[in-house]
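S.K.: A single structure is presented below for examination.
The values are calculated or read from the model by the stated rules, or taken from the named source; none is laboratory data. These numbers were taken from a predicted model, which means no experiment stands behind them. Cβ: placed from backbone, ideal geometry, glycine included. Neighbour counts: every protein chain shown.
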Amino acid sequence: MSQPERRAVPVLSVMDMVPVSAGCSRTDALTEMIALARAADAAGYERYWLAEHHGSATYLSSATIVLMGQVLAATKRLGVASGGIMLPNHAPLVVAEQIGTLATLYPGRVDLGLGRAPEHRPAHRCRAAPRGLRSGPLRRGDPRDPHLPR
């Protein structure tokens with residue numbers, strides 16, 4: 001007795017950085033994000049990924065978790081994921097609490113992707129931080145945190 005032929009079914013997802021198209025407003029871009037998410041949900045797509053990107057006039061995906069909540073609220077079954085929340089840019093506890101809250105509100109629909117962002121350019125750090133203070137990840141032996149092992 002032969003087995004029936006099995007066909008692989010691709011899992012389809014959307015990756016969105018919420019671009020602001022030429023001639024469109026930021027509000028238009030967010031409205032288009034919701035429309036795309038609803039269309040993906042209706043078409044049976046598995047997941048809607050939102051990629052974090054900061055300091056851009058072209059992309060509106062700097063507040064990834066806020067956008068995730070909007071997509072979750074606007075769709076019925078679509079999974080929503082962060083395409084990499086860069087932990088050096090955020091307090092890990094806050095990220096965990098916010099993602100946990102979304103996962104409680106939308107069980108089984110939230111995925112968390114984490115990453116480590118490259119350190120900011122030195123010129124950017126100097127301009128943004130008061131003299132003597134620098135942003136960026138703490139490393140083993142860093143004198144800014146006495147709790148890290150030396």
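S.K.: Which of the following residues is under 25 Å from T31 (Cα atoms) and at pLDDT below 95: I85, I99?
M.R.: On the way: I99 fails: at pLDDT below 95.
I85 is the lone residue from the list that is under 25 Å from T31 (Cα atoms) and at pLDDT below 95.
S.K.: Hey, T64 hits all of (1) under 18 Å from L12 (Cβ atoms); (2) touching a strand residue (DSSP E or B) at 6+ places or on another chain (Cβ under 6 Å) but one; which does it fall short on?
M.R.: Evaluating T64 over (1) under 18 Å from L12 (Cβ atoms); (2) touching a strand residue (DSSP E or B) at 6+ places or on another chain (Cβ under 6 Å) leaves (1) as the failure.
S.K.: Same structure, new question: Given the criterion modelled with pLDDT under 95, surrounded by fewer than 15 Cβ atoms within 10 Å (Cβ to Cβ) and part of a loop (DSSP other than H, G, I, E, B), identify the matching residue among P107, P149.
M.R.: The conditions single out P149.
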